[in-house]
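The values are calculated or read from the model by the stated rules, or taken from the named source; none is laboratory data. Keep in mind that what you see is a predicted model, and the values were worked out from it rather than measured. Cβ coordinates were reconstructed from backbone atoms using ideal geometry, including for glycine residues, and neighbour counts include every protein chain displayed. Surface accessibility is based on the protein's heavy atoms, side chains included, excluding ligands, DNA and RNA. Shrake-Rupley method; radii C 1.70, N 1.55, O 1.52, S 1.80 Å.
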Amino acid sequence: MKHLMKMWNPWWIERKVPASKKRISRPETLETILKLLDIREVICITGVRRCGKSTIMYQAIDHLIGKGVEPENILYFNLDEPFEDKSIGLLDRIFGEYIELHVPKGRKYIFLDEIQNVKDWEQWVKKFYDLHGEDIKFVLTGSNSSMLSDQLSILLTGRMITQHVFPLSFKEYLDFESFELKDPDIQRNEILHYFNKYLFKGGFPEVVLENDMDINHLG
């Protein structure tokens, strides 16, 4: 488990988030989430698979390190891995071994990706939220459907703020292509060129980043 944590948290060694993790910049999507990092409430990022939730997490981590948060105070863990134990005991183990590794002082930022894969995760988050107060900030991702359970609304009402992430808008796609929109009338043909590419590739970041058109079509 500790080896896995070190692999998923390269900033503990490199003191920064690798560029390969940050990928497409989405400032408008990211800005709202960054504003919520300083408050106590749990942030839950929801959206369909492959819409860029994990990338937003990495960009938020990069922002925290840039603001002076010690890299060891930030834990990222991907719960989409095929662990045999998907009970809240897995979360206890993750948190316990993280503390053994670093014993971080001050506020800890816990990023748990695809949290819906752990049964009764809501109970665990509520317990730690109530127990540790401002000392722990949770940032979670989950699928849209998993964030609609009765258990979630009962246990985390008033404790969690949900932010929805969508696939890339056409405007974000143009930013990725480094196309500056100045005059739609004059640039009409260029805009149509990129719009056709956008329609073909779609707005899923991983597909947009893939240059092989055959793979894009399969995606």
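Sequentially through region 105-120, phi angles give Karplus couplings (6.51, -1.76, 1.60; θ = phi - 60°) of 8, x, 5, 10, 10, 10, 9, 10, 8, 6, 4, 5, 6, 9, 5, 6 Hz, Gly and Pro residues having no value and appearing as x.
In terms of its C-alpha gyration tensor, the chain has a prolate overall shape, because the principal axis ratio a/c (a ≥ b ≥ c, square roots of the eigenvalues) is not below 1.5 and a/b outweighs b/c. Close amide-amide hydrogen proximity is noted between Thr162 and Cys44, each under 5 Å apart and 5 or more residues distant or on a separate chain (H modeled in the peptide plane; Pro and chain starts excluded).
How would you rank 32-38, 106-112, 171-177, 181-187, highest first, on the average number of other Cβ atoms within 10 Å across their residues?
Listed from highest to lowest mean packing, they are 106-112, 171-177, 32-38, 181-187.
Here the spin labels are modelled as points 7 Å beyond Cα on the Cα-Cβ line, and at Trp12 and Leu131 they lie 2.0 nm apart.
Okay, helix-only estimate at 222 nm for the chain: each DSSP H run of n ≥ 4 adds -39500 (n - 2.57), divide by all residues, round to 500 deg cm²/dmol; what do you get?
Value at 222 nm, helices only: -13000 deg cm²/dmol.
Does region 46-176 classify as rounded, prolate or oblate by the C-alpha gyration tensor (a ≥ b ≥ c root eigenvalues; a/c under 1.5 gives rounded; else a/b over b/c gives prolate, otherwise oblate)? Oblate. Please give the FRET efficiency for Glu180 paired with Ser20, using the beta carbon to beta carbon distance and R0 = 25 Å, rounded to the nearest 0.05. E(calc), rounded to 0.05, equals 0.45. Summarising the amide proton neighbourhood of Ile136: residues at separation of 5 or more, or on other chains, whose placed amide H is nearer than 5 Å comprise Lys108.
What the Cβ-Cβ distance of His193 and Asn78 gives, at R0 = 30 Å and to the nearest 0.05, is a FRET efficiency of 0.25. In this label model, Asp120 and Ser87 are separated by 0.7 nm, measuring between points 7 Å along each Cα→Cβ vector. Apolar share of the accessible surface for the chain: 53 percent from carbon plus sulfur atoms, 1.4 Å probe. Sorting the segments 44-51, 128-135, 89-96 by their residues' average number of neighbouring beta-carbon atoms within 10 angstrom, most packed first, yields 44-51, 89-96, 128-135. Here the Karplus curve 6.51 cos²θ - 1.76 cosθ + 1.60, taken at θ = phi - 60°, turns the phi angles of region 185-200 into couplings of 5, 5, 9, 3, 5, 5, 4, 4, 4, 6, 5, 5, 5, 5, 5, 6 Hz, with x standing for Gly and Pro.
Treating each Cα of region 1-106 as one equal point scatterer and applying the Debye formula with no solvent, the log10 of I(q)/I(0) at q = 0.11 Å⁻¹ comes out as -0.37.
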